[in-house]
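The block underneath contains the structure these notes are about, expressed in structure tokens.
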Amino acid sequence: MFKVIRDIYEYRELMAVLTHKNITVRYKQAYLGIAWAVLRPLSLMLIFTLVKSFVGIESGDIPYPVLTFAALLPWVFFQDSTTEGIGSVVNNASVVKKIYLPREIFPLTAVITKLVEFGISAFILAGLMAWYQMAPTAHILWAPLIILYTLLVSLTIALVGAAINVTYRDVGAALPILLSLLMYASPVIYPLQLVKDKLITQQAAGEWSDLLYTLYTLNPLAGIIDSFQNVVLRGLPPDFSAMAPGLLLTAVLLPLSYKFFKWSETYFADVI
Amino acid sequence: MSIIEVNHVSKEYRLGTITSFKDSATNVIRRLRGKPVKQRVPFLALDDLTFTIDEGEVVGIIGPNGAGKSTLLKLLANVTTPTRGTLAARGKIAPLIEVGAGLVPDLTGRENVFLNAAILGISRAAIAKKFDEIVSFAELEEFIDTPIKRYSSGMKVRLGFAIATSVNAEILIIDEVLAVGDLAFQRKCFDRMEELIKGRGSTVLIVSHNIRQIERMCSRVLMLEHGKLAADGDTLEVADLFYRRSNEKIDAYHRGVHGGMTINYTSGEVTLGSVDLLDEQGRLTDSLPSGGKLRVRVRFSVNRVLKRPEIVVGTHTTDFFYLSASSTALIDDRPDLDPGAHEVEYIVPSFPLVAGTYCIRFAIFDQYQRKVFTGESLKIFTIVPNALDVRDAPMRRLVLPTRWRVDGVPYSSSTPAPMEAASS
């Protein structure tokens, strides 16, 4: 564990340069430049707000646009970093085939790159909050930890996905579908409170309700998005009961995913 | 003290493509029905290789295409792992396996210097210090802030080479990188490589098809063939073996197609009979000693009168480096060729080349310089070393008669008469 972190620390300069490269390359010949990083969550927010005006989703005392934008921030970060992470090894085939680097550098930098874009979107959220005159409380200090946790979740999927993607590109093809399904299974459009009310308070699924809720929160994004909204918008601490199942799952899967990646690494150059 | 140890290393690849879902499904069905399963054929790229390399050695790796040279370098660079056996390298390895691997088209030259350096494991501080030197070496001062997708291919290669050779490493692995750029830049690369090798005392492994380069730079050569170590030893010996092997191959190839001859052009007026090498007594032969008399006899027939034709006979190496050519155009009273069979002899009293394999070419032009017949590799012959050859200096192509004066006293080498050498 510590050795892994130390190795990664050793390559911090390389990761910094690669991150810089990823960002520069992406926006180099775009007139709008890095503004594109913000446009996606922003446009999704507008669409959701529009949909919400027809469907009617209970958003509590938080204005819906801010609530959904605060959900989109961790979600888009997760979605992009996972996608980018899974493609990262294949995208760097020319380096993988010629020069040895610890290959986890590639998924790792892919995820970190998205962190930078997340940071930019965070300014927009701050702007929105100022617009609606919402002041953050001290609980906002939880936010970096929640994002770090999101990063680890992305990495869990990205490491194993990137390794399989080297041999079977099916992973890269299947991912957009799976991710869009997962978005509906995460409290992005609706707040987690709605699910909680239905299952825990109203016991809508009878004796299965509690189990279903645990299953729902096994998706780490459920806890992440809800807690992010809590600490940034509602001024509340994270809801640990909603986070626990996902946290546990990640804690078990991340080391396995990393092991699998390191084990596969030896044949990357041969099959890529 | 050995810095690289390679122990019974084999590397196996599977031929064909990655199994698709369809293939897997078919295989499952076949297995269930007890039928043989379709499997991908294994291919041994490296076959039980064992050697060690000492610190400070400069080792060349040669061999024909597909011998496993690049695979070996990849293993040493830790890019891939051996299927069997172990491999150990002590010290930092700088792999110059492909110049410009990892250059990003969208970034400027400057950004690429830092990126590529980081990939090669050079720290930011170190590269910042060397930046100006890299740029001036690559001759890219004007273009350093232009995205390299707008560079010419030569510019990219120059940049890649300049970055890669600024790595400070104990072990340097170089794969064919010197064969890049224009002649002037190749010269520069060459000097830089020599400086790296001699100046820093790093251990260097060079893969190249350019044996002359290897001969010049390396103290030891490994020759690979079909993944096996075919030879390991002194540069000149192994290089010589390599030349012989490739000449044999070229020879065999030529004999396979049109009986060893390459007829490039014939107008139909000339039919080639035979091209032979004769010894002093006029007997057919395939070899002559170095510095001996070269006597070539060409027999051909002509189907109409050729007035005062120009006949050219020459020699070239197996890789078509033209060595000599002589033309009858210098002879004012050269004869006409009437229809029928003819025989031409071309005699060089002393053919001054070192031992090796050489070829004869032959051409006929009519009096107006119109091409009538040209052919190459018409006869392949070998020059065998003369008796004193082993005592002479290595690294040469020509054997020239020489005289010496030491402190005013003339000496002459006991250059053997061609006859004497032929009998030895």
- Which ones in segment B:78-99 are open to solvent by 10 Å² or more (accessible area, probe 1.4 Å) and either among the β-branched types (Val, Ile, Thr) or at the interface with chain A (Cβ under 9 Å from one of its Cβ atoms) (or both)? B:78, B:81, B:83, B:86, B:93, B:95, B:97, B:98, B:99
- Mind telling me which of the residues B:63, B:56 ends up being in contact with a strand residue (DSSP E or B) (Cβ under 9 Å, 6 or more places away or on another chain), at pLDDT below 90 and farther than 20 Å from residue B:98 by Cβ? B:56
- Item | Which numbered condition residue A:50 fails, given (1) open to solvent by 70 Å² or more (accessible area, probe 1.4 Å); (2) within 14 Å of chain B (Cβ to nearest Cβ); (3) at pLDDT 85 or above | (2)
- Within segment A:85-102, is even one residue among the charged types (D, E, K, R) and buried (at least 23 other Cβ atoms within 10 Å of the Cβ)? no
- Find all pairs meeting these conditions: Cβ atoms under 7 angstrom apart; at least six residues apart or on different chains; first residue within segment A:191-206 and among the polar types (S, T, N, Q); second residue modelled with pLDDT of 85 or more and assigned to a helix (DSSP H, G or I). A:203/A:209
- Message: For segment B:59-72, give me the residue count where each residue is surrounded by fewer than 23 Cβ atoms within 10 Å (Cβ to Cβ) and among the hydrophobic types (A, V, I, L, M, F, W, C).
- Response: 2
- What residue, among those in segment B:346-369 that are without any contact (Cβ under 8 Å) to a residue 60 or more places away in the chain and open to solvent by 20 Å² or more (accessible area, probe 1.4 Å), is farthest from residue B:281 (Cα to Cα)? B:368
- Task: Filter segment B:211-221 for residues that are crowded, with 16+ Cβ neighbours inside 10 Å and modelled with pLDDT under 80 and give the result.
- Result: B:211, B:213
- Query: Which condition number in (1) under 30 Å from residue A:98 (Cα atoms); (2) polar (S, T, N, Q); (3) in contact (Cβ under 8 Å) with a residue 12 or more places away in the chain is the one that residue A:266 fails?
  - Reply: (3)
- Note on the structure: Of the residues in segment B:147-169 that are outside any helix (DSSP H, G or I) and among the hydroxyl-bearing types (Ser, Thr, Tyr), the one that is surrounded by the most Cβ atoms within 10 Å (Cβ to Cβ) is B:166
- Message: If I filter segment A:1-44 down to residues being of a type in the set (A, V, I, L, M, F, W, C) and assigned to a loop (DSSP other than H, G, I, E, B), which single residue comes out as nearest to the other protein chains (Cβ to nearest Cβ)?
- Response: A:30
- Going through segment A:56-81 one residue at a time, which ones are within 18 Å of the chain's Cα centre (by Cα) and over 19 Å from residue A:120 (Cβ atoms)? A:67
- Message: Quick check on residue B:172: is it modelled with pLDDT of 80 or more and part of a helix (DSSP H, G or I)?
- Response: no
- Which numbered condition residue B:39 fails, given (1) more than 13 Å from chain A (Cβ to nearest Cβ); (2) under 19 Å from residue A:270 (Cβ atoms); (3) in contact with an Asp or Glu (Cβ under 9 Å, 6 or more places away or on another chain): (3)
- Kindly indicate whether any position in segment B:189-199 is within 13 Å of the chain's Cα centre (by Cα) and hydrophobic (A, V, I, L, M, F, W, C). no
- Boolean, residue A:105 is within 14 Å of chain B (Cβ to nearest Cβ) and either within 30 Å of residue B:73 (Cα to Cα) or open to solvent by 30 Å² or more (accessible area, probe 1.4 Å) (or both): yes
- Note on the structure: The one condition residue B:21 fails out of (1) facing chain A (nearest Cβ under 9 Å); (2) closer than 23 Å to residue A:100 by Cβ is (2)
- Item | Residue among A:94, A:59, A:88 that is within 13 Å of another protein chain (Cβ to nearest Cβ) and among the small types (Gly, Ala, Ser) | A:94
- Only one of these is at pLDDT 95 or above, open to solvent by less than 50 Å² (accessible area, probe 1.4 Å) and under 30 Å from residue A:163 (Cα atoms): A:272, A:225. Name it. A:225
- Elements of type helices (runs of 4 or more DSSP H) in segment A:57-160, at least 3 residues being at pLDDT 90 or above: A:64-91, A:105-131
- Item | Which numbered condition residue A:183 misses (of (1) part of a loop (DSSP other than H, G, I, E, B); (2) in contact (Cβ under 8 Å) with a residue 60 or more places away in the chain) | (1)
- Query: Residues in segment A:61-83: is at least one under 30 Å from residue B:146 (Cβ atoms), in contact (Cβ under 8 Å) with a residue 60 or more places away in the chain and open to solvent by 50 Å² or more (accessible area, probe 1.4 Å)?
  - Reply: no
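The values are calculated or read from the model by the stated rules, or taken from the named source; none is laboratory data. For clarity, every value in this text was computed on a predicted model and none was experimentally measured. Cβ atoms come from the backbone with ideal geometry, glycine included; neighbour counts cover every protein chain shown. Protein only, heavy atoms only, side chains kept; ligands, DNA and RNA dropped before computing areas. Shrake-Rupley method; radii C 1.70, N 1.55, O 1.52, S 1.80 Å.
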